[in-house]
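Working notes, structure below.
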Amino acid sequence: MGAEEVLSGSKVYWTGVNDYTSDLFEGIWPVGEYGVSINSYIIKAEKTVLIDLVKAGGGGSSENLVDQLASIDLEPEEIDYLVLNHLEPDHTGFLSSFRRICPNAEIITSKKGVPLVKAFYGISENVKAVEDGETLDIGDGKQLVFAYIPNVHWPETMVTYETSTKILFSCDAFGSFGALKGGIFDDEILKEDHEFFEAESLRYYANIVGPFSNSVLKAIEKAGGLDIKVIAPSHGLIWRKNPETIINRYVRYANYMNDYAEPKITVIWGTMYGNTEIMMRSVLRGIAKEKVKVDVLKVPETDVSYVLAKAWESAGLVIAMPTYEYKIFPPMKYVLDIFDYKHVWHKKVLRVGSFGWSGGAERHFEQTIKNFKWDCIGPLEYQGAPTEEDLKKGEQLGAELAKEVKQIPPKK
Ligand SMILES: Cc1cc2nc3c(=O)[nH]c(=O)nc-3n(C[C@H](O)[C@H](O)[C@H](O)COP(=O)(O)O)c2cc1C
Ligand SMILES: [Fe+2]
Ligand SMILES: [Fe+2]
């Protein structure tokens, strides 16, 4: 796609790439067939500004940027400033090539960004650090304000706000997985596409930003002082009709780290020979009797990225897995380790599972989750196949969990 003007007459343009070539974002999170967009922006004024770059290789080739600039009658050498809101290589990988084609463009980043520009790309010349709150007049009535938003997503991250158009270039904040399918703006896409991007913004949030939720809330509070007309993030849709939709969504997601999330249950289960599966079905029966929404995800078949997204927005979890070599069934340990990284906290949890002789999964589970702020019922463990009595107990515990989860007020 060529560059597209964000607001008519604004001389602010979306550029960037829709990356379908990477299977795994950050080397972990599947983006696969749906891709991911990496948005950059051009501001044309007396000075020409490029906000954020794209990654190296893949869709982020020099040809792409050069073509997009050409579509708005710009040559790369005409760029005066390159603003780097965040140094993660999805937005900077192309920097070395960019320096070669635009040697005169001054790089602008936060104080903590400067050493990262050097460390990742060996560039220290023509790099300027801006302070939190600093402004830059770029002529034609346009002014940039830089605001630090540490840890959304890295410590050096900042956002850039253009005062005349009231556009906030928010970088990873308010982003989403999912490539732009021709529609770039929130007012251009269908309802179904909004549903798709909503699911992908939750997955992006839980996978990428989740553990920094308190920083997200601080950043949103800080942004509250700005009159924002457009949210222009570095991934996903640009919000020019209803920017509050994505802001409210992010507030809700951030709050899920600090309190019980939505009144629903995610059942995460794994089995070697089916003895845990039988129990999981009884637990589901109990949950169903209480009419609580449930998602059932099997590991390792379901990628942890999706497990994390569902768990993030659920107040209740069922963890069903057997003992394996005196420990947790390994694919479930991986899920729980990711939950630790990502701060999947404040859940009501039921753990069930089979063992063969002396068990061990439960002890290992308790050690693993000790800092999770989880409120556990059960566990229900049994040797070999569950008895009728075990299954009845499983159903009861499922219902008990569901009853507790039902008490939690919905946040939507
Ligand atoms: C590779 C392997 C390791 C196991 N390690 C243990 C163990 O350390 N302690 C134990 O009590 N049972 C152990 N078991 C037995 C399983 O926990 C038992 O077969 C259980 O019923 C499996 O549940 P599932 O049918 O849901 O896979 C092991 C089984 C396998 C296949
Ligand atoms: Fe990032
Ligand atoms: Fe990013």
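The values are calculated or read from the model by the stated rules, or taken from the named source; none is laboratory data. Just so it is clear, the structure is predicted and the values come from calculations on it, not from any experiment. Counting neighbours? That spans all protein chains shown, and the Cβs are built from the backbone with ideal geometry, glycine included. Surface areas here come from the heavy atoms of the whole protein model, side chains and all, with no ligands, DNA or RNA. Shrake-Rupley method; radii C 1.70, N 1.55, O 1.52, S 1.80 Å.
The table for this structure:
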read-out	value
Failed condition for LEU180, given (1) within 15 Å of ligand 3 (Cβ to nearest atom); (2) part of a loop (DSSP other than H, G, I, E, B); (3) open to solvent by 10 Å² or more (accessible area, probe 1.4 Å); (4) in contact with a Leu (Cβ under 8 Å, 6 or more places away or on another chain)	(3)
Pairs with Cβ under 6 Å, 6+ apart, first in segment 182-205 and closer than 30 Å to LYS342 by Cβ, second in a helix (DSSP H, G or I) and among the hydrophobic types (A, V, I, L, M, F, W, C)	LEU202/ALA309; ARG203/ALA309
Single residue of segment 387-411 satisfying the filter (outside any helix (DSSP H, G or I) and touching a strand residue (DSSP E or B) at 6+ places or on another chain (Cβ under 7 Å)) that is most open to solvent (accessible area, probe 1.4 Å)	PRO410
Cβ pairs under 9 Å, 6+ apart, first in segment 265-276 and open to solvent by 30 Å² or more (accessible area, probe 1.4 Å), second more than 8 Å from ligand 1 (Cβ to nearest atom) and part of a loop (DSSP other than H, G, I, E, B)	ASN275/PRO386
Residue selected from segment 162-177 under the condition under 18 Å from ASN18 (Cβ atoms) and out of contact with any Phe, Trp or Tyr (no Cβ under 8 Å at 6 or more places or on another chain), by the criterion surrounded by the fewest Cβ atoms within 10 Å (Cβ to Cβ)	ASP172
Residues being open to solvent by less than 10 Å² (accessible area, probe 1.4 Å), part of a strand (DSSP E or B) and in contact with a Lys or Arg (Cβ under 8 Å, 6 or more places away or on another chain) - total across segment 294-341	7
Segment 2-23 - residue that is of a type in the set (D, E, K, R) and within 16 Å of SER71 (Cβ to Cβ) and, of those, surrounded by the fewest Cβ atoms within 10 Å (Cβ to Cβ)	GLU5
All positions within segment 105-138 that are within 15 Å of ligand 2 (Cβ to nearest atom) and assigned to a strand (DSSP E or B)	THR109, SER110
Failed criterion for ARG99 (all others in (1) surrounded by 15 or more Cβ atoms within 10 Å (Cβ to Cβ); (2) in contact with a Pro (Cβ under 8 Å, 6 or more places away or on another chain) hold)	(2)
Out of LEU350, LEU237, sole residue that is open to solvent by less than 10 Å² (accessible area, probe 1.4 Å) and either modelled with pLDDT under 95 or within 24 Å of SER201 (Cβ to Cβ) (or both)	LEU237
Subset of segment 77-94 that is more than 19 Å from ALA129 (Cα to Cα) and either within 16 Å of ligand 1 (Cβ to nearest atom) or of a type outside the set (A, V, I, L, M, F, W, C) (or both) - its residue that is most open to solvent (accessible area, probe 1.4 Å)	GLU77
Residue within segment 139-150 that is assigned to a loop (DSSP other than H, G, I, E, B), touching a Phe, Trp or Tyr at 6+ places or on another chain (Cβ under 7 Å) and open to solvent by 20 Å² or more (accessible area, probe 1.4 Å) present	no
Residue list for segment 359-380, filter: in contact (Cβ under 8 Å) with a residue 40 or more places away in the chain and touching a helix residue (DSSP H, G or I) at 6+ places or on another chain (Cβ under 7 Å)	THR368, LEU380
Residues being hydrophobic (A, V, I, L, M, F, W, C), outside any helix (DSSP H, G or I) and either within 16 Å of ligand 2 (Cβ to nearest atom) or out of contact with any Leu (no Cβ under 8 Å at 6 or more places or on another chain) (or both) - total across segment 187-230	1
Conditions (1) open to solvent by 10 Å² or more (accessible area, probe 1.4 Å); (2) assigned to a helix (DSSP H, G or I); number of the one not met by VAL159	(2)
TYR253 over 24 Å from LEU144 (Cβ atoms) and either part of a helix (DSSP H, G or I) or modelled with pLDDT under 95 (or both)	yes
Answer residue from segment 118-134, given it is away from ligand 3 (no atom under 16 Å from the Cβ) and under 28 Å from GLY27 (Cβ atoms) and is most open to solvent (accessible area, probe 1.4 Å) among those	LYS118
